[in-house]
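Please read the structure below before turning to the comments.
The values are calculated or read from the model by the stated rules, or taken from the named source; none is laboratory data. In this text, all values refer to a predicted model and were calculated from it rather than measured experimentally. So basically every Cβ, Gly included, is an ideal-geometry build from the backbone, and we count neighbours across all protein chains shown. Protein only, heavy atoms only, side chains kept; ligands, DNA and RNA dropped before computing areas. Shrake-Rupley method; radii C 1.70, N 1.55, O 1.52, S 1.80 Å.
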Amino acid sequence: MGAAAIPMNDFVYRIEGEGAFFLINTSEGSVLVDTGTSLPQNEEQMRLVREHATGPIRKVIVTHAHGDHS
């Protein structure tokens, strides 16, 4: 499976890949909800984050400690 950035609305993207996480763009910067895996595909997912982020990553929210989330 390849990585993809799926827009949920004007400011939220679901970053799909080996594990999925979310990018939320705010007026104060961007927020990542979970960070994906350490697998090579995560590099492609992070490239998508950089492409779609409207500002620097200001916050990271880890919902739980499974490998596909943190």
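At a glance:
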item	result
Qualifying residues in the stretch 31-48 (those that are hydrophobic (A, V, I, L, M, F, W, C) and closer than 18 Å to Gly2 by Cα) - the one least open to solvent (accessible area, probe 1.4 Å)	Leu48
Cβ-Cβ under 8 Å pairs, at least 6 apart or on other chains, the stretch 20-38 side in contact (Cβ under 8 Å) with a residue 40 or more places away in the chain, far side open to solvent by less than 30 Å² (accessible area, probe 1.4 Å) and assigned to a strand (DSSP E or B)	Phe21/Ile15; Phe21/Leu32; Phe21/Val33
Options Glu51, Glu28, Glu18; residue that is in contact with a Gly (Cβ under 9 Å, 6 or more places away or on another chain), open to solvent by 30 Å² or more (accessible area, probe 1.4 Å) and either β-branched (Val, Ile, Thr) or at pLDDT 90 or above (or both)	Glu28
